[in-house]
Each structure stands twice: as structure tokens, then as C-alpha cells.
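Read-outs throughout are calculated quantities, based only on the coordinates presented, and are distinct from any laboratory measurement. In this text the structure is predicted, and so the values were computed from the model without any measurement. Here the Cβ is made from the backbone with ideal geometry for all residues, glycine too, and neighbour counts use every protein chain on show.
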């Protein structure tokens, strides 16, 4: 029969300080449970708050402006080159493009078909940021027609508010492209007329877009400016609700559409709560481990003479350390297994009773919870093994 | 044959100019062991005789790897015992060397049987029935279930002797092993020890205050 713990057990004062041993088991169980629940909750939050914003090609596109408040109302609200470089460098931002505005005057009128006249504005952005890009959306000097992409929201406002109030005709998405608007551009001693044609509608970008080539050319000609700071920037990100993104934007007083990121803010708060819970769990585990280490130290101190004599008779300290710790492995495995089982039961109850119908949420616990449980088990056994080994080699 | 010879050479203990760090110079000069080269080979009976205070117990502890407060070297299996790691020392004590301490070093709270089993199970040379046989042979068969602390010193000395015989060894160190035994029990114990050593082709290294009449050593060394 191989030598095992039961042969050496009579020589160890194992039953001393039973209360602290049992308390450490209880503490370890509670700590592991808290930590595993926190991990599972974190995963649940991410699953439930994923895809809460409309994504295109897997990305969110968000317009960013600078906060305008009562205190800074008179200041500069444009993005400096430094601001733009900072945005570009962030790992959670996958692309960034400034919106260039017109720096000259534009008058628009609809002619006989649309009898209205108004001051007009246009903006331009890198084509890669457009959700709809018809082949006709391009311009070169000499072209009389300027292709325009209008925000779907603007188009809706025109059709539902503006047109009925002014007795103007309404348009469908296909008929709008047949309408030409006269655009008079002037400034810097020049005045020219162009024909504006709506070639597409954009769900993504809330503005009136013209080709970048036109606006750069026209800003130089009519506005006599070629480089200026944009006041609006579009960013491309995989997750508009990423708490890091929101934190970065908040720190730099950049303003975004709250609706696009509201789940991110909820997520931020929930993640903070869950992190607190996990931190508390870790603290309880550490305290339980300390308590158990006191028990082990006391057991070894009380069994000191016997252990010294066993070493003298030929027991190897390495073997003794391993054998003593192996004795507690079943206890540790049971504690962690119970914590995993309770976490699994809570997850099942949460899914089936509170989140019924949310198919994206699994009623099973995530594999990472098992992985963390296994890791905790290994760490606990390893720490205690090291402690016992150290104490025995000192004898 | 050559292999056996090599193994034989390896499994010997060689003392190379060993001198305890604390011993007086005049004792070193008189000694046949201190500051000399001495070889202990398996299968021999060696008697070390010395009065109190001349370092008998120190020598036994040095050979057993229990103390390192000496100059010179004690070589076993081509390695200095003083350089053994704690785990190497354990292997050495499990397989190659056994001991009867002068102060016995038993587990006082445990029974005689537990004291014997804790050694036997470490590296069993005999099965557990042999313990009863040996205990019966030395007259402590009825003490096996008694706590050691309730046994007389003479009985405890016999427990220590039986404990030392539960493992394989090439060297058996005996430090005044019969100091509390009457003549009958001394002879019985000596006979048992010689029988067990012969079965293992092991050396007996017996240290005592004076030569023991019923021990016929191959070599007697005076410390």
C-alpha cells in the first residue's frame, strides 16, 4: 500500500483550530461564488447590451462635436490637428473623418417646380464614411451639376412638414433625383450658378453632402481658404457603447448623440457595479486564504516536533508538503464545485425567470466561468503548497 | 561482476579528514577517526569506542547527515553528504542508512505500533507481521498498542532498535543502543540486529563507551 496522508495523519495536530478552518472554507466558498457571479454578470451585460445601436458593416458611425456650454460659448469649438490625431490614435476608434463645411455663401432656389429660396449649406466627408455612394457622386471643375446626398431625416422633414406647409410637391426616394435645385455660390469676388441634384439619401450622416472635390475647390475659389479646423468629426467604431470610448469622449469634452451611446453609459455603470462585486469577491477569497494559511501554520507549529522527527527518519519535505496539501484538494474542489453549481443555478434562474425570451442570453454559464473556477482552484492549492513547503523546509 | 564491484565501491562511506569544528586539538591527535581517512564498507562490523564527550554521537549524526558542523568530507555514492539537499538526505535515509539514536527519538504520544509503522511504511523491507515477530522476540509484544510514553526506557530502546530494522540499508548506525537493557535483552537485541544486517549485507557501526563483549567486530576504532 502506497504511503499516503492517512499514515502521517496521526502525527499531525490537524483538529486544532477547527473553527478557523471551517470559517476559511465558508469564506472561500462565498468569495469564489461572488467572483464567479460577477464574471457571469459581466458576460450577461455584454451580451444583452450588444447590438443596441444600428451598425453598418459591423461598425458604428458617430458624429462628434465639441461640447458647447454656457461657460465656453464664446470659445473655439473646432477640432485642432492635435484633437484629430488623438482621436485617430485610440484603439477603440477604427477610423475618423472630419466633415468639411462651406466657407462661402450659397443661395438655393427650386425654380418654378419648387418655388422657394433659402440660404444653403453643404458639407463633405471622405467617401469611405458614406452608407450610400452612387457612381454619380463625383465632381470635377467645369461640371455644372453638383451631386448631393441628403440625410433621410431632412428628406422626411421636407415631405412631412415643409412641403405641406408651403404647398410644395412631395417626393419619393426615386423621384427626388429628378429635381434640380439652383445653387448660387459666391464670395471672394466670384459668383457662379450650379445645378444641385439629389443623387442619394443617407441614413448615417445628418447633413447635406456634396463631393469633397467640389467643396475643397469651392472653398478655395469662393472662400479663399484651403485649410481650416472642422467642427464636426465622424468616427468609426466597432462598439459605440464601449465604456473606454465614452470615457475618452467625456474626458475631452467631446459631444456625441446620447441616444447612440446610452447603452454604453448603462453598461459603464453596470460594469462598475460588477467590477466592485468582483473586487469584493477577490477580497473575501484573499481573507479566506489568509485564514486558512493561519490554520496551516498553526497545525505545522503544533506538529513541529513530530514533523522534525519524521524528517529525521527519512520523510522528504517535498513529499510531506505534497501529501499534506493533497489532503485538502478534495475540500477545495468541493468548495469551488459548489460555487460553480450555485452560479449555474442563478444563471439558469435569471434566464428562465427574469430574462425569458431573450434568446441571445444563454441559460448555461459561460466557459470562462469554468476557466476562472479552475484557475482559482489551482491558485489556492498552489499557494497553500508553497506555504507548507516553505514551513517544512524551515524545520 | 565488475558492476557489483563498482556498486560496492560506490556504496561505501569515506571519511576524509573529518574533524568536528568544536573539538579540542588533543582529542584529535589521539583519535583514530578524526582527521584521518577512514572507509566504511558494506557487510562489515565496526565498533567505535570512546568515553563520554569525545564525539561519538557527533560522528553518528555526521554519518546520518543530521549535522554539518565539521571540517573535511564524508563521501557517500561519490557525493559529499554535507552537500545533499533535504530531499536527497531523505532518500539516503530511506534506502541506505538507518539509525538507533542514543536519545531514541520516538513519538511519545503515539503507540509503539504507530512508531514502528511510520518507519516501515516509508520504505518497507518487511511486511507488517514481522513487527509483531520482532517485538515478541525482544519481549515487547504486549506493548504494541500502548502509547510509547507509557513504556519504560528499556522498552523504548527496544522499540527504537526494531524501528531501525524496518527499512533497507547498507549501514546501520547504533549509538549506545543497549544502555538501558539488561544482559538477556542486550544479547537478544544484538542477535536480531546482526541477523537483519547480514540479510542486507549491511555494515553495523556501533558506537559505545566500551567494547561490547557479545559483538565481534571486524574493526574497532578509538575516537
Indicate, rounded to the nearest 5 percent, the antiparallel portion of the DSSP beta bridges found entirely in region A:60-239. 80 percent
If I take every Cα pair under 8 Å that is 6 or more residues apart in chain B, average their sequence separation and divide by the length, what percent do I get for the relative contact order? 31 percent
Relative contact order in percent for chain A (Cα pairs under 8 Å, 6+ apart) equals 29 percent
How much FRET efficiency would the formula 1/(1 + (r/R0)^6) give for residue A:301 and residue B:153, where r is the Cβ-Cβ distance and R0 is 25 Å, rounded to 0.05? 0.30
Dividing the alpha-carbon radius of gyration of region A:60-239 by 2.2 N^0.38 Å, where N counts its residues, gives 1.09
Say we join alpha carbon atoms closer than 10 Å with springs in a Gaussian network model of chain B; which of B:25, B:108, B:191 then has the biggest fluctuation? B:25
Over region A:60-239, calculate the relative contact order: mean separation of alpha carbon pairs under 8 Å at least 6 apart, over the residue count, as a percent. 39 percent
May I ask what percent, to the nearest 5, of DSSP beta bridges between residues of region A:137-219 are antiparallel? 60 percent
What is the helix-to-structure angle for A:304-313, meaning the angle in degrees between its Cα long axis and the longest Cα principal axis of chain A, kept from 0 to 90 and rounded to the nearest 10? 80 degrees
The convex hull of the Cα atoms of region B:1-105, divided by residue count, gives a volume in Å³ per residue of 117 Å³
How far apart, in nm, are two points set 7 Å out from the Cα along the Cα-to-Cβ line at residue A:2 and at residue A:287? 3.9 nm
Could you let me know the centre-to-centre spacing of region A:204-222 and region B:160-223, using Cα atoms, in angstrom? 108 Å
Inter-chain shielding metric for B:87-100, i.e. average beta-carbon neighbours from other chains within 10 angstrom, reads 3
Running a GNM on chain A with Cα contacts under 10 Å, which residue among A:188, A:102, A:242 ends up with the highest mean-square fluctuation? A:188
To the nearest whole number, what is the average tally of beta carbon atoms from other chains within 10 Å of the beta carbons of peptide B:115-123? 4
Max mean-square fluctuation residue, GNM over chain B, Cα-Cα springs under 10 Å, options B:57, B:184, B:37: B:184
To the nearest 10 degrees, how steeply does helix A:317-326 sit against the main Cα axis of chain A, on a 0 to 90 scale? 70 degrees
Distance between modelled label sites at residue A:161 and residue A:144, nm, 7 Å Cα→Cβ extension: 3.5 nm
May I ask you to derive the FRET efficiency for residue A:126 and residue A:170 from their Cβ-Cβ distance with R0 = 45 Å, giving the value to the nearest 0.05? 0.90
Please find the FRET efficiency linking residue B:22 to residue B:86, where r is the Cβ-Cβ separation and R0 is fixed at 25 Å, and quote it to the nearest 0.05. 0.60
Mind checking the angle between helix A:367-394 and chain A's longest principal axis? C-alpha axes, 0 to 90 degrees, to the nearest 10. 40 degrees
Between residue A:251 and residue A:371, what length in nm is gained on full extension when 0.36 nm per residue of separation is reduced by their alpha carbon distance? 39.7 nm
Distance in nm between residue A:71 and residue B:222 label points, each 7 Å along Cα→Cβ, equals 10.1 nm
Determine the percent antiparallel among the DSSP beta bridges restricted to the protein assembly as shown, to the nearest 5. 65 percent
Take peptides A:71-77, A:141-147 and line them up by average Cβ neighbours within 10 Å, highest first, as a rough protection proxy. A:141-147, A:71-77
Computed Rg/Rh for region A:97-193 (Cα atoms; Rh = Kirkwood radius) stands at 0.95
Checking the a/c ratio against 1.5 first, then a/b against b/c, what shape does the Cα gyration tensor give for the protein assembly as shown? prolate
In terms of the Cα gyration tensor, with a ≥ b ≥ c the square roots of its eigenvalues, is region B:79-223 rounded because a/c is under 1.5, prolate because a/b exceeds b/c, or oblate? oblate
Region B:44-91-region B:120-147 distance, computed between alpha-carbon centres (Å): 28 Å
